[in-house]
Amino acid sequence: MRIGIDLGGTKIEGIAIAADGREVVRRRIAAPRGDYRQTLDAVTGLVLDIEREAGTQGSVGIGIPGTISPATGLVKNANSTWLIGQPLGDDLPRLLARPVRFANDANCFALSEATDGAATGASTVFGVIVGTGCGGGVVVGGRILVGANAIAGEWGHNPLPGPRDGESPGPPCYCGRRGCIEQFLSGPALARDYRDAGGGDLSAAEIAASAAAGDTLADRALTRYEERLARALGSIINVIDPDVIVLGGGVSNIDRLYDRVPRCWSSYVFSDRVATRLVRAKHGDASGVRGAAWLWESEERHAQ
Ligand SMILES: [Zn+2]
């Protein structure tokens, strides 16, 4: 049995899956915000609860915001700031009395979709979460590409390529720079763009519904969004040339992206044809926790 834990900022989700991907147990608890010790207790308790319910022990994989620094062994880049600088990679294996695998949550998303989701069988997969932020992860040959700094796939804090009038220097970002991709392509960024253009206070989903109902401002905001997403993904295609790009997160539910973005991105890709497919995540919000569960499977398959 494979246990996956998705350590989010507001909730902690746990799942146990069988070898065929079938869900055996699923639990969700509120995250103890702001408290590292309580976070350790919550994760440990969740794993033991899942094992009690399933009646057996399992391997444990954990998806975390940010990553564990290869240099220091401490958590970095986490938007759940109370985890930053903590030795999570030492504490949880000790408390659970077993080895534990960790991966960034967007990497878990990409692994889940590459293992038995929308990109099953593809050799190179770029998984993107466009929600409150813009995470990303790369899976090659069924394995997460971690990278020397453990940041592979983190495209959200690159500058938006080829900025147009009004896009440079761009909105300030919490990372300290301006004009980051995340400041144009997250759900809140789409909402802000629509508002700044004279629209109302709508969410990304509401903007899509308004555009479909004939709201010109909403249609223009979405068109700008699609063209920016095409530029941002075009530069990814030029670097890793993925077979499939999988979108997850709230914005990924907008149907028209899958038709329009690939029509735009050929202008930015250094190739006469673009074979890369843009698809929606199969497992939706469950992808993070499923990918965490697959962390052991993925490594063991490749060790053989
Ligand atoms: Zn940034």
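The values are calculated or read from the model by the stated rules, or taken from the named source; none is laboratory data. A quick note: this is a predicted structure, and the numbers were derived from the prediction, not measured. No Cβ is skipped: glycine too gets one built from the backbone with ideal geometry, and neighbour counts run over all protein chains shown. For the accessible areas, the whole protein counts, side chains as well, though only heavy atoms, and no ligand, DNA or RNA atoms are used. Shrake-Rupley method; radii C 1.70, N 1.55, O 1.52, S 1.80 Å.
Suppose every Lys and Arg Cβ carries +1 and every Asp and Glu Cβ carries -1, with no other charges. What dipole size does the chain come out with about its Cα centre, to the nearest 20 debye? All intermediate terms of the calculation are to be shown ahead of the outcome.
Working: 32 positive and 35 negative charges, 41 e Å.
Dipole about the Cα centre, nearest 20: 200 debye.
Restricting the calculation to Cα positions, tell me the Rg (one decimal) and the Dmax (whole number) of the range 86-128 in Å.
When restricted to Cα atoms, the range 86-128 yields Rg and Dmax of 13.9, 37 Å.
Can you pull out the GluC sites (Glu not before Pro) in the range 169-259 whose DSSP state is coil and whose Cβ has at most 15 other Cβ atoms within 10 Å? The partial results should precede the final answer.
On the way: sites: 182, 206, 226, 227; in loops: none.
Taking the range 169-259 and a limit of 15 other Cβ atoms within 10 Å, no loop GluC sites (Glu not before Pro) are found.
Percent of accessible area on the range 241-298 owned by carbon and sulfur, 1.4 Å probe? Write down the numbers at each step before the final one.
On the way: 1240 of 2740 Å².
Here it works out to 45 percent.
Apply the a/c threshold of 1.5 to the C-alpha gyration tensor of the range 214-304 and tell me whether it is rounded, prolate or oblate.
Numbers: a/c = 3.37, a/b = 1.51, b/c = 2.23.
Cα axes put the range 214-304 in the oblate bin.
Between residue 104 and residues 5 or more places away or on another chain, which pairs have amide H atoms under 5 Å apart, with H built 1.01 Å from N, and which residues are they?
Here the answer is 64, since their amide H atoms fall under 5 Å of that of residue 104.
Based on DSSP H runs of at least 4 residues, each adding -39500 (n - 2.57), what is the mean residue ellipticity at 222 nm of the chain after dividing by all its residues, to the nearest 500 deg cm²/dmol?
Details: 9 runs with 114 residues, N = 304.
Helix contribution divided over all residues of the chain: -12000 deg cm²/dmol.
Just the accessible area per residue of the chain, please: how many Å² with a 1.4 Å probe? Let's see the in-between values first.
Numbers: 13550 Å² over 304 residues.
Per-residue value: 45 Å².
Would you mind giving the average projected area, over all directions, of the Cα convex hull of the chain in nm² with one decimal? Walk me through the intermediate numbers first.
Working: hull surface 64.8 nm².
Dividing the Cα hull surface by four gives the mean projection, 16.2 nm².
Once each part is reduced to its C-alpha centroid, what is the distance from the range 268-304 to the range 168-211 in angstrom?
One Cα centre to the other: 26 Å.
In the range 27-114, what is the volume of the convex hull around the alpha carbon atoms, normalised per residue and reported in Å³?
On the way: hull volume 9.6 nm³, N = 88.
Here the figure is 109 Å³ per residue.
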